[in-house]
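Structure first, then comments.
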Amino acid sequence: MITRPVHRYKNPGKYTVMLLSRARNGCWDTTTCVVYISEVKSIPVIKPGTYNCGAKVTFYDKSTMTPLPGFSGNPFDSVRFEPQPGTLINNNFWWFGERTTADTALRADAYAIDTAQWNYRKNGTFRVKLVVETAQGCKDTGFTELYISGPRPKIKIISDTVGCAPFTVKVVNLADVEGGKDANDKPTLRTDILWGDGNNQFTKSLAQYDTLTFTYPDSGTFYIFARGDDNDPQSDINGCRIVYYPDTVDGNDAPLKIRVMRSYPVSVSVDPQTVCVDQQFYIHNASDTISYTEFKYSLKSGDYSTLIDTIIKSNVDNHYTRTLPDTGTYQVLLNPTAVAPGLPDCRLADTATIKVVRPYASFTIDSAERNPKFHFNNTSMSASEYTWSAYKLENGTLNLVKTEDKVEADRDWNYDFDKDTGDVVICLEAFTADPAKPICVDKVCDTISYRFVIEFEIYNVFTPDKSGANDVFDIKIKGHTEYDLVIYNRWGNKVFESTDSEKDWDGTNMNDGTDCPAGTYYYVFKYEMLNGEKKTLNGTVTLIRP
């Protein structure tokens, strides 16, 4: 048996409710009652007019009750525009569409019980809501739309709003994107973005949809604002007043807040910054070793593409040494892997660059066959200073016979055996010479050999007396390729000629046994040596007889 039935009526009107009852003895009885269902219509109305640049707008409550059939109105219920006597119930509640932080009901600046006013600080399109309540507790909600012409600045943070210092934030300018009356409604001629901290404030003007990126170097809580106007306030004072976004006065809008947490310093260095191949260098951690408790050291190639090795160290082991076997540029990356308990997990990183250098010593040899003069072409790379050395190989021992320092502008070298023969070891040392770098050296050696002797000497007297000493006119020459000797007497008559260095003049006419008289004779000697030297000599020789 239902003792307290509930029924929801969908439409207003007069309804008769009947109750049919039966007693235990089977007797029936019927009773009826009349129920009047009220319906209220919330009708918010804006005072006619054009509203610009933030305005104080008047609203009217024109709410009505739906008449009941058979009555001129609703004698059993009504919309009342003042609080119910003895209660805290307000019968109409306004939402003016400007606040975004809370759905707060307001009756601000009411001129009459059915009239409300709101002083708008923003511009654009607003959805105004009115909730009315009757004496019987019936409620209805009505809406109307208000448009106020004027600048509509708006920005949006399109990056994270919480991070570690240094923290970079990016915003986009969305001025006039929302709240316009039509597609061409763009009254915000200029939007300034304001950001900064307690010590420095920065401003930059942006066009619609432009973005701005800026960095907070230190920890703290910061706020970002935009201000918009329809004219440059420096040149025109007749425009709308400047509008700020977000409007945080009285909690109208939630602030655009940036929270930057403290980051603890991370620093890595190498010493020296340039080393030779296989030379030891130090990697030093100068980070905040109280806030960080563990670090990862990563050695990578110069372009970071290749990981060479990784090592993990605690905060009490702050440096180590190593060497590198190959030339090139390398990066040492230091990343904290753990922070002290209770600290924000704000980790920085640092990089140090190490350069490994090595000169490459090399040379080629230029020499003609049987030529005692050798030229060495310096083909070294990555060097700027050189030392050439020549060592004579004698009985298995190298003895230094010549050395010379050279610079890049004059890098080649020469060696002349002259009248010497044998094997000579030529060595080239190539050095790096920049004072900011270490002096790295590379050395290469090669052996040259010369077995030919160049010798030349002419005597001017001989005595053909068959004593066995100085009996012939003999030109001492070795290492030649051409020999042509002609001898004349004082009247110009030829007395001897030879193209063979082993055939000497014996003091007779054409070496036929007929003695030439004592006196002065004249020779013309043409010769060419293995080293390319080619000459013609004119001289005299004295023939002496006892």
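Here, each number is a calculation from the coordinates, and none is a lab measurement. Since this is a predicted model, take the numbers as computed values, not measurements. Heads up, the Cβs are rebuilt from the backbone with ideal geometry, glycines too, and the neighbour counts pull from every protein chain shown.
Numbers for the structure displayed
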| quantity | calculated |
| --- | --- |
| Length-normalised contact order of the range 268-357 in % [C-alpha pairs under 8 Å, at least 6 apart] | 38 percent |
| Protection-proxy order for peptides 28-36, 336-344, 189-197, 161-169, each taking the mean of Cβ atoms within 10 Å per residue, highest first | 189-197, 161-169, 336-344, 28-36 |
| Pairs beyond 29 Å (Cα-Cα), from 10/47; 14/41; 402/478; 47/257; 129/170; 373/443 | 10/47; 47/257; 129/170 |
| Amide H contacts of residue 363 (H built 1.01 Å from N, under 5 Å, at least 5 apart or other chain) | 379 |
| Table column - 3J(HN,Hα) (Hz), the range 457-474, Karplus curve with 6.51, -1.76, 1.60, x for Gly and Pro | 7, 10, 9, 10, 9, 8, 10, x, 10, 6, 7, x, 10, 6, 7, 10, 8, 10 |
| Amide hydrogen neighbours beyond the local backbone of residue 51, cut-off 5 Å, H modeled | 149 |
| Most to least packed among 66-76, 505-515 [average Cβ atoms within 10 Å] | 505-515, 66-76 |
| Radius ratio Rg over Rh of the chain, counting only Cα atoms, Kirkwood formula for Rh | 1.52 |
| Cα lying deepest toward the dipole's positive end in the range 280-437, options 319, 359, 329, charges on Cβ | 319 |
| Using alpha carbons only: equivalent-ellipsoid semi-axes of the range 455-543, gyration tensor based, whole Å | 22, 14, 11 |
| For the chain, Cys with no neighbouring Cys Cβ under 4.7 Å | 27, 33, 138, 516 |
| Pairwise Cα inverse-distance average, inverted: Kirkwood Rh of the range 155-261 (Å) | 14.8 Å |
| Inter-part distance where the range 295-326 and the range 407-483 are each reduced to a Cα centre, Å | 54 Å |
| Calculated log₁₀ intensity ratio I(q)/I(0) where the Debye formula runs over C-alpha points of the range 268-357, q = 0.22 Å⁻¹ | -1.04 |
| Relative contact order (%) - the range 322-475, alpha-carbon pairs under 8 angstrom, separation at least six | 19 percent |
| Label-point separation, residue 401 to residue 36 (7 Å along Cα→Cβ), nm | 13.9 nm |
| Packing-based order for 468-476, 39-47, using average beta carbon neighbours within 10 Å, highest first | 39-47, 468-476 |
| Taking the convex hull of Cα positions in the range 215-373, its mean projected area over all directions (nm²) | 21.5 nm² |
